[in-house]
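The values are calculated or read from the model by the stated rules, or taken from the named source; none is laboratory data. Keep in mind it's a predicted model, so treat the numbers as computed, not measured. Using ideal geometry, Cβ is built from the backbone for each residue, glycine included, and neighbour counts are taken over all protein chains shown.
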Amino acid sequence: MEAVVVKEALSVAVVDNSVADHWDQARLEWRIVGSEYDPEAGGTCICGKQRIADQFTIENPQTGMTLFPIGNECIKLFDRPDFDERSHLHLDAKRSLRAQGLNAGTLDLKSVSKRVIEASLRAGVINEWQCGFLIDMKGKRRPPSPKQEAKMVEALGQIASGLDSGVMALPSDSGDEDRQ
């Protein structure tokens, strides 16, 4: 692992609520269990940074402890691929939510990333067929047929409904994977 300067307050909070006694081991015990976007940026991170808009909740399954809010800069300090992936999903979902707000509550295929589509499947928001269909449609150069358009609108409507409650609530992992 690269030498990463960890903010002291974050390190203390994580280690104090972990089984391990040192940051390098304690950081591996945690998982992201949800994220929120606060457009008012009213949160204060565990590290003390104020006015954070992107707020993550992390949980330690070994101790049952939860820490909130953790800002996206501190999430990066965990230096873990699963946290990086979950952070990217949060940002993609935030972009989709922003686009949804600009489009009178509807989503179009351009405003939904492959990552959000796949996360919607994992969250049970859409089914496997819809997931594959939307990913295929993202790669098409021609406009969809009327039937394809109807199927797209239906699946995108389900994603739009599930962005906050389903996709943003996905954990960083299943807890079973090896962590680096």
_Output for the stretch 10-45, where each listed residue is in a strand (DSSP E or B), out of contact with any Lys or Arg (no Cβ under 7 Å at 6 or more places or on another chain) and not polar (S, T, N, Q)_ = Arg31, Val33, Gly34, Glu36, Gly43
*Of the conditions (1) touching a Lys or Arg at 6+ places or on another chain (Cβ under 6 Å); (2) assigned by TED's automatic domain parsing to the domain that holds Val112; (3) not aliphatic (A, V, I, L, M), His90 fails just one. Which one is it?*
(1)
_Cβ pairs under 7 Å, 6+ apart, first in the stretch 42-66 and small (Gly, Ala, Ser), second in a loop (DSSP other than H, G, I, E, B)_ = Ala53/Asp38; Ala53/Pro39; Ala53/Ala41
*Here is a list of conditions, (1) surrounded by fewer than 18 Cβ atoms within 10 Å (Cβ to Cβ); (2) touching a Lys or Arg at 6+ places or on another chain (Cβ under 9 Å); (3) at pLDDT 90 or above, and Thr57 meets all of them except one; can you say which number that is?*
(2)
*Would you check which residues across the stretch 111-148 are assigned to a loop (DSSP other than H, G, I, E, B) and either small (Gly, Ala, Ser) or surrounded by fewer than 17 Cβ atoms within 10 Å (Cβ to Cβ) (or both) and list them?*
Ser113, Ala123, Gly124, Asn127, Gly139, Lys140, Arg141, Arg142, Pro143, Pro144, Ser145
